[in-house]
Each structure stands twice: as structure tokens, then as C-alpha cells.
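Asker: Got a structure for you, written out below as C-alpha cells; questions coming shortly.
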Amino acid sequence: MVRRIRGTLLLNTSSIFNIPETNSASKTCNKRMLSIKADIEELKEKTDASIISIKHDLSDLKEEMVSLKEEMVSCFDDIKEIIAALKSEFAVSKIDEPKDRVNGGPGTWSAWGACSTTCGDGEQTRTRACDNPAPAHGGSQCNSSDLTDTRSCNDAECPVTVGKLKSIPIVAKRQLQSRDIYDLAVTSSGHIVVTGRSNTTIYASDYSLIKDIGQTFIRVTVTSDDQLVFTDGSSTIYFYTADGNHIRNINTGSSYHLRGITTLSTGQLVVCDDYTDNVYIVEQDTGNATPLSAPGTFSGPGYVTTNSKGVVIVSDFYGHSIKGLDQDGNILFSSHTGISRHNYSSAWCAVVHSNVLCNVYKHRADV
């Protein structure tokens, strides 16, 4: 009898091999059947062992499949990360592709900053950024000079504080020349230059004589580089060193009778001509003279000076006045002096702290 239990082949050998032993042939057959029974039992054991082994193998295979699945999941995650990294790298590479250069341009000006001074010559600054457009992809920056702008401010004169006047003014009096003194100038080293009817002389600050130039000049001025510049009533202008050594002469024209002389911040000279009754601006290197004042502005210009604003201040001998002109020749002010021709006197003017100081020049040799 044969039957299956849960996939296992079972042989009921007891019923198959339950044969009575009757004769020798039967005995031989019975032995053969017992041998077969033993083989079947052995086969059964081997089959059971194989089935158990197969079960173990299947269990191991199942575990390996689970492990392989986990590894595949992990591998898929790694592949996803690699794909994401490749996508990112591709995107960056795409962004970094060469593009057209963009040169920077100046933007909008800021508001003006505060003035650098509360009075006098001040300066204001405003700025702007290089953002219209901003430079990109290797484009050039803006020129720095295009990003800053300045202008003057607070050009009103600062008030001058004057100390209390002493009850008895201290006056230092020195006899510098035996005859009339026409003009005075002081160099940067403190030397005093004197012109007059006698020879032109240079003195130290203690009034000791440094040099007698040996020439008679009428007016004198000192340039920014400390050269002495003289007039003598002719059309010639004379240049000397601060120590009184002659440098050169320039001629402005045969008809001029030059007297008053001063310098501008530009290096140009301003001279008074009492032949044409005019004031001229003269180029130092060429001697070219350009009229500053309009005809009829003066009737006997004598002394001239300038203030920190470049205003040209002229004493008008026969006009009995002091007049101020800008460098375009426009009259800015005119003040009557009360000086008359019959007194043989004229106005001598200077500028101190941007204030015009004038005095009456008379035939005296004292300072």
C-alpha cells in the first residue's frame, strides 16, 4: 500500500511483505522481499534527508533573495544619488557656459553730502554706484572719476574776530629810504622789498639791508614761486629772485605806462596803465596784455591787488574811488575815497583776511 503525506512517499511494507514462509522457494522469495524492503527503507531515509536538505537549501535561497533585494534597493538608492549629482553637474555646466560681457555703467547720483566748512570756501561731494548696469561676465568697471562729483559751498566770507585794541597802539618806525617810498612787498622768507624815488632795496625782517638792486622801480609784487616782479612806468615788466638777482624782462607794448601790479592764482599778472587808463591781464611767458576793464572804467588806475576770491581791487587816482572787478571785468563794488588830485596823494590798498585796507599815500619816506 502506498500513500502520500505532505509530499512524502510512504510505503506500508508490513502489508506488502507479510508473506508466510511455506517452502524453500517461498523462503527465497521472502528474503528477496526483505532485501527489497531494506532498500526501500534506505531509499526512504535518503529521500527524507534529501527533502530536509532541499528545505534547508530553499530557506537559505530565500534568505539570499531577501538580502539580494535589500542590496538591490540600496544599489537603486546609490544610482538615484548618482543620477541627481549628474543632473546637478549638468545644470551648473549649462549655467557656466560663456555669455556676452556686460560693461558697467554709472547709476543715479546720491544726495549732496554736508559742506566741509561752515563759512569760507567749502566743498560738497556726491557719489553713485556702478550699477546701471552692473558689470558682469568679465565686463569692465566704471571709471572712478565718473562715480564722484564735487561742488563748492558756503562761499560766504567767514567773520573776522578782532582782538581788543590797545589803548596806545604800538608803532615801529624805521627810516628805510631818504626819499619817497612808492610800494612795499614781503617775501615768503620775511624779506621786505621797497620801491621809491631812491634805488629799490631789500631788507631783512630786522630792517638790516640785504641788497640794493641798483634800479629805480615804482611798484612791486611777489609771485607764488617767490619771484619779485617790478614796474617802472614803462611798458616793461622786470623779474628778479627773492634775493634781488635779475632773471628776465617782458615787454607788453610800446604805448603802456605800467604802474600798479599784482598776481592772480592762475599765475597771470594784473597791471595798471595810466596812459590808456585801463587795467590789463598779462601772460608771464609772452607778455601778451588783455584789457580787463572796459574803457572809461578808470581815470588814473594806480595801485592794484586781489583777494582770496580773485577779485581785482584797483585804486582810481582821478576817480577818487576804490573799485572791485571780477576776472571778466564786471564791477563788483565802487567806494569813494575822498582823495583829491590837488593833495598829490593816491590810495594804497592791500587785502587782509579778505578785507580791503586802503590808506593815503603821501610824499614821505617813513614806514
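Values in this text are rule-based calculations from the coordinates and carry no lab data. This one's a predicted model, so the numbers in the text were calculated from it and none came from an experiment. Because the Cβ atoms are built from the backbone with ideal geometry, glycine has one as well, and the counts that use them run over all protein chains shown.
Asker: Can you compute the modelled spin-label distance between S224 and D212, with each label point 7 Å from Cα toward Cβ, in nm?
Answerer: 3.6 nm
Asker: I've got another one for you. For K173, give me every one of the aspartates and glutamates with a C-alpha distance below 19 angstrom, ignoring sequence neighbours fewer than eight places off in its own chain.
Answerer: D183, D206, D366
Asker: What's the exposure ranking of H137, H246, going from fewest to most Cβ atoms within 10 Å?
Answerer: Values: H137 10, H246 13.
By the 10 Å Cβ count, ascending, the order reads H137, H246.
Asker: Each residue of segment 244-253 in turn: what ³J(HN,Hα) in whole Hz from Karplus with 6.51, -1.76, 1.60 and θ = phi - 60°, glycine and Pro shown as x?
Answerer: x, 9, 5, 10, 6, 10, 10, 10, 9, x
Asker: Whose amide H sits under 5 Å from the amide H of S321, counting only residues 5 or more places off or on another chain, with H placed in the peptide plane?
Answerer: Long-range HN contacts for S321: D316, T337.
Asker: May I pose another question? Order of Y203, Y275, Y182 from fewest to most other C-beta atoms within 10 Å?
Answerer: Values: Y203 19, Y275 13, Y182 22.
Ordered by Cβ neighbours within 10 Å, fewest first: Y275, Y203, Y182.
Asker: From the phi angles alone, apply the Karplus equation (6.51, -1.76, 1.60; θ = phi - 60°) to segment 268-273 and give each ³J(HN,Hα) in whole Hz, x where the residue is Gly or Pro.
Answerer: Running phi through 6.51 cos²θ - 1.76 cosθ + 1.60 with θ = phi - 60° gives 6, 9, 10, 10, 9, 10 Hz.
Asker: I need to check one value: relative contact order of segment 102-159, counting alpha carbon pairs closer than 8 Å and at least 6 residues apart, in percent. Working shown, then result.
Answerer: Details: 126 pairs, mean separation 26.3, N = 58.
Relative CO of segment 102-159 lands at 45 percent.
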